[in-house]
Structure formats: C-alpha cells, structure tokens
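The values are calculated or read from the model by the stated rules, or taken from the named source; none is laboratory data. It should be emphasised that the depicted structure is a prediction, and the values quoted were computed from it without experimental measurement. For neighbour counting, all protein chains shown are included, and Cβ atoms are generated from backbone atoms with ideal geometry for every residue, glycine included. Areas reflect the complete protein model, heavy atoms only, side chains present, ligands, DNA and RNA absent. Shrake-Rupley method; radii C 1.70, N 1.55, O 1.52, S 1.80 Å.
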Amino acid sequence: MKRPRSLRAQLTYFFAGSVLGTTLLYGVLVTVVLATSEYFQHAENPSLWLHEGIFDEALQALGAIVFSMPIAVVGSIVMGGALARKALAPLREARDRVRAARASELDLCLPDRGTGDEWDTLAGTLNELLSDARASLVRIRSFTSDAAHELRTPLTIIMGETEVSLRRDRTPEEYRRTLAIVLDETRQLSLLVDALLQLARADAGTQVITLEPVELHALARQSLQRTEQLLAAQSRSLTLELTGDPTQVRGNPVLLTHVLDNLLSNACRYARERIRLELDVTDTGVRVTVGDDGKGVDTGFEARLFQRFARADASRQGEGTGLGLAVSRTIAEAHGGTLDYSRVDGESRFILRLPKPEVSDVPPPPAENASADMTTA
C-alpha cells in the first residue's frame, strides 16, 4: 500500500509544479513571440535569409529557458519546502500540545499567533470548544462522584439494618423498626434516583414537557395541604400562609407541583414559626414567593445554593439529597422562567418567576376569590 504524502510534501510539490508550469508557459510564449517577430522581419527583408537562419533568436531563448529550468525546479522545491514548513509550524505545535495533553485532563490550548489569519480563527474556535469540553468533564466527574456518594449512603444503611436483623431472631417490634428504617431509606433512594433522572434528561436535552393551562393557586393549596400532613407527622407546629388570587399559567402541573413541594419542604427544614406562599401577577409574568422566618443561607454558601448536591451542612448528614433546588431551577428554566433566592427583612425567599401565558390560553377564572388562606399545622 502506497504511503500517503504528508501535507508538507504536497504543498512543496504543488509549489514546485506551479513554478515549473509557469516557467514552461513563459518559455513557450517568449519563443512564439520571438519566432513570430523573426518571421515577419525575414518576410519584409528577404536578404536576411542569406545572412542568418530563421528562428535563431527564438531557439536561443528557448535553449536558455530549458537550461535554467532544472535550477528553477530545484530552487522552487527548496523554497516551497521552506514556505510549507513555516506555514505548517502552528500545526506541528498543536500536534505537540495535543500529545502532551492526552494524559492531562484535556488541558490543551491551541497556539494563537495573533495574526488574525485562518489558523487563528480555527484555533480560537477549537479553544472555545476545548474549554467547554473541560468544563463538562469537570461537571460530569463531580456529579458522578457526588451521585455515587449519595447512592451509597442509603444502600449502606439498608444493608446494615438487614444484616443486623438477620443475625438472630427478633421480636415483631424490632422487625417493624428495621422495616421502617429500610422503607425510609428506600423512599429517599427513590427520590434521589428520580432527581438524577430528571437532571440527566435536562442535560441531554431530552426533557420533554407538555404545557397546558394550569391553575397555580390550586397547586399551591394542594402543596400546602401535603406540607400540613408532613408537619403533623413530625409533631411540629408552623403557621402556613397562602396569599394571592387564582392565577393561570401555562406549564406542566406535575413538574410545577414538584417545584412547589421542593420549596415548601426546604422551608420546613429551617422555618421557626411561619411559612408564607404568595402568588403575584406582574407585567412580565407570574411570581411565586416561598418565604420562611428561618436563619437563612450563609452568605458564603449563596453562590452554590442551586448547585447539584450542594448542602450547607458539609458533613452531608442533614435531610434531603442536595438536588431539590437544582432540579427546581432546571424545571423553572424548562418552563421559560427563573428561580432565585434572596434575604429580605429577616425572611428567606425563594422566588419562582414564570412567563405570562397568552390570552387565548387562559380560561375564565373561577367565581370565588382566594386572596388569603392561613392555617396552622
């Protein structure tokens, strides 16, 4: 099998061939011009036929060109090789950097000579692509590591409790206690897997959301009722307040309920006496505020609040998976909205903003007005 020529060899041969072809074309044109000139001179002065031969000058010029052609070819090969080497210098440097970066986490930056030519344009585009790839690799590794840690914890507890229970016969109460622990950890594991699945779909761009008209006030009331049941099971007493009128949005009721449940669950962990859920229609859309009177988020932790597996408790011994807020923000963005946090007047507020639906998508509001609703659980 014939070995393919290198790009440098191809450029060199192309340059040499161009010089050779140009020289030949020039020689032919010069010879034709001289031969034509001599022919007309002899035609006008027939006596010249006796003193000199026709086409002598043309043949001399052609001989000079043929004699100098090997020198021109050799010179063109040397010159072409030098030019090709210089032109391909950035590629050789890029090759060396790629070889060095193969075992260094894609730590690669292609050379940019600052000339603004085609190579610099290509290098700049590839450097942006490589930067995105490095960032994605870091996120994937961090996400995988955290996911493995979070999945291992409930599995370890389930295995430990099961092994201890099987070492000897237990009383029915002891078995019930063990099964209750296993059930709680299994639920936690199920929530974690569901959150990971949603995030994976969002990252892959395959999170398909079916939008429909949704009564947001009704969803908020249902979420508050579930929160009341949770607080009653925990023997806790908090004042739950719902304010706002019936509000229509266009979204997925299951996913929006998931966001409200996440925000209320987060508020329950830190609230001292009161949780407030407020619905407000603005010029640009609908704003949902979930506030609590807890101590709030540390200033140093606010930047990582919506990151995956981020927890204010560094030991990861608190409740939750550290994915609730990340999933909630992903769902909000999938609806064309935002989810942010702020601390105002001693109250921690998570603010969900959703775009205002089109007028044609909004059914007529119900007759009753649910402007305020307050319960104590």
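Of the residues Ser190, Ser223, Ser237, the single one that is in a helix (DSSP H, G or I) and modelled with pLDDT of 85 or more is Ser223. For region 79-96, residues that are in contact (Cβ under 8 Å) with a residue 40 or more places away in the chain and open to solvent by less than 20 Å² (accessible area, probe 1.4 Å) total 3. Restricted to region 111-137, and to residues there that are at pLDDT 70 or above and touching an Asp or Glu at 6+ places or on another chain (Cβ under 8 Å), the residue that is surrounded by the fewest Cβ atoms within 10 Å (Cβ to Cβ) is Gly114.
Filtering region 231-244 to residues that are over 38 Å from the mean Cα position of the chain (by Cα), surrounded by 14 or more Cβ atoms within 10 Å (Cβ to Cβ) and not β-branched (Val, Ile, Thr) leaves Leu231, Leu238, Leu240, Glu241. So, Thr178, is that one modelled with pLDDT of 80 or more, open to solvent by less than 80 Å² (accessible area, probe 1.4 Å) and among the hydroxyl-bearing types (Ser, Thr, Tyr) or not? The answer is yes for Thr178.
A quick yes/no check of all residues on (1) farther than 24 Å from Leu323 by Cβ; (2) modelled with pLDDT under 70; (3) under 28 Å from the mean Cα position of the chain (by Cα):
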position	(1), (2), (3)
Glu105	yes, yes, yes
Ser142	no, yes, yes
Pro154	no, no, no
Asp169	yes, no, no
Pro172	yes, no, no
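For region 271-300, a residue qualifies if it is at pLDDT 85 or above, over 29 Å from the mean Cα position of the chain (by Cα) and small (Gly, Ala, Ser), and the qualifying residues are Ala271, Gly291, Gly294.
Ala303 satisfies every condition listed in (1) within 18 Å of Asp340 (Cβ to Cβ); (2) modelled with pLDDT under 90; (3) of a type in the set (A, V, I, L, M); (4) in contact with a strand residue (DSSP E or B) (Cβ under 8 Å, 6 or more places away or on another chain) except (4). Residues in region 225-244 that are within 25 Å of Val286 (Cα to Cα) and touching a helix residue (DSSP H, G or I) at 6+ places or on another chain (Cβ under 7 Å): 5 in all. The set of residues in region 252-279 that are open to solvent by 50 Å² or more (accessible area, probe 1.4 Å) and either in a strand (DSSP E or B) or closer than 17 Å to Pro213 by Cα (or both) comprises Val254, His258, Arg274, Glu278.
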